[in-house]
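Contents: one structure, followed by commentary.
The values are calculated or read from the model by the stated rules, or taken from the named source; none is laboratory data. No experiment lies behind these values; they were computed from the predicted model shown. Cβ placement follows ideal geometry from the backbone for every residue including glycine, while neighbour counts extend to all protein chains displayed.
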Amino acid sequence: MKNSVTALVRMPVAGLRALLVLTLLTGVLYPLAVTGAAQTLFPGRANGSEITVDGRVVGSRLIGQTYTLPPGEPGEPGKPGKAPAPDLRWFQPRPSHGLGTNSVNTRYRLLVSGATNRSADSAELLRSVREAKAAVVRDNSTADHRIDPADVPADAVTSSGSGLDPHISPAYARLQAHRVAERNHLGVVRVNRLIRDHTEGRTLGFIGEPRVNVLELNLALAELTGD
């Protein structure tokens with residue numbers, strides 16, 4: 001009888017010991033080791049690939065952001081306000097639609113990251129693409145350069161799978177060159193050279209597509225214009 005009681009007591013005690021040891025190993029020591037290694041070997045990436053200008057964090061290389069004219073018009077009671085308009089001095093990112101019809105990710109908020117999951121024949125998707133295409137043509141046409149709708153690339157009118165893509169295609173960046181040049185009183189050749197200098201090639205030479213980080217491109221533009 002005594003042995004049976006001792007065995008019954010020993011089992012939960014052993015289980016508790018195992019829980020405490022595994023909690024220490026996997027919940028404390030392992031995270032500390034991984035965090036320490038990351039901070040030592042890849043501090044920039046471990047801290048979110050932040051971009052700093054004059055000691056101030058202006059964004060991340062991994063997360064897209066919008067470039068708008070602040071502020072929008074406040075809404076009336078029961079009516080939504082008017083969203084800020086794109087600031088057309090800057091290169092614009094791709095659309096940032098988030099999850100669902102009530103959580104459109106207009107500000108690249110992480111909590112609503114994700115694809116719209118609309119099918120290719122979705123009437124809502126087709127309408128948003130047509131509207132986005134018309135806006136791209138309208139916003140990027142200048143007095144001496146008219147955008148051909150056939151030249152608008154797919155990433156100019158559709159969001160990425162995460163809705164947070166910080167990159168655009170070189171084609172979309174070049175499409176914006178005339179407008180950016182006009183708004184900033186620069187030559188188109190100079191703006192195109194800026195795009196070329198900030199175009200990243202395929203990863204390892206064969207993975208993915210060439211791309212342009214919009215934040216880095218706009219920071220270079222700000223440096224060029226003195227903004």
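Taking only region 187-212 into account, find how many residues are in contact with a helix residue (DSSP H, G or I) (Cβ under 7 Å, 6 or more places away or on another chain) and either more than 22 Å from A156 (Cα to Cα) or not assigned by TED's automatic domain parsing to the domain that holds A156 (or both).
Number of matching residues: 1.
Surrounded by fewer than 18 Cβ atoms within 10 Å (Cβ to Cβ), on the phi < 0 side of the Ramachandran plot and aliphatic (A, V, I, L, M), is that true of V152?
no
Search region 215-227 for residues being surrounded by 12 or more Cβ atoms within 10 Å (Cβ to Cβ) and not hydrophobic (A, V, I, L, M, F, W, C), and hand back the single one that is nearest to Q92 (Cα to Cα).
N218
Can you confirm whether A135 is surrounded by fewer than 19 Cβ atoms within 10 Å (Cβ to Cβ) and either farther than 21 Å from R89 by Cβ or at pLDDT 95 or above (or both)?
It is false that A135 is surrounded by fewer than 19 Cβ atoms within 10 Å (Cβ to Cβ) and either farther than 21 Å from R89 by Cβ or at pLDDT 95 or above (or both).
Just to be sure, is P170 surrounded by 15 or more Cβ atoms within 10 Å (Cβ to Cβ), within 20 Å of the chain's Cα centre (by Cα) and either farther than 23 Å from A85 by Cβ or of a type in the set (D, E) (or both)?
Criteria met by P170.
I'd like the full set of residues that are in contact with a Lys or Arg (Cβ under 7 Å, 6 or more places away or on another chain) and either touching a residue at least 40 places away in the same chain (Cβ under 8 Å) or crowded, with 16+ Cβ neighbours inside 10 Å (or both), limited to region 186-214.
N192, I195, E209, P210, N213
Filter region 181-227 down to the residues that are among the small types (G, A, S) and outside any helix (DSSP H, G or I), then identify the one that is nearest to V53 (Cα to Cα).
My answer is G226.
If the Cβ limit is 9 Å and pairs must be 6+ apart or interchain, which residue in region 156-183 that is at pLDDT below 90 pairs with which residue that is among the aromatic types (F, W, Y)?
Pairs that qualify, where the first residue is at pLDDT below 90 and the partner is among the aromatic types (F, W, Y), are G163/Y108; L164/Y108.
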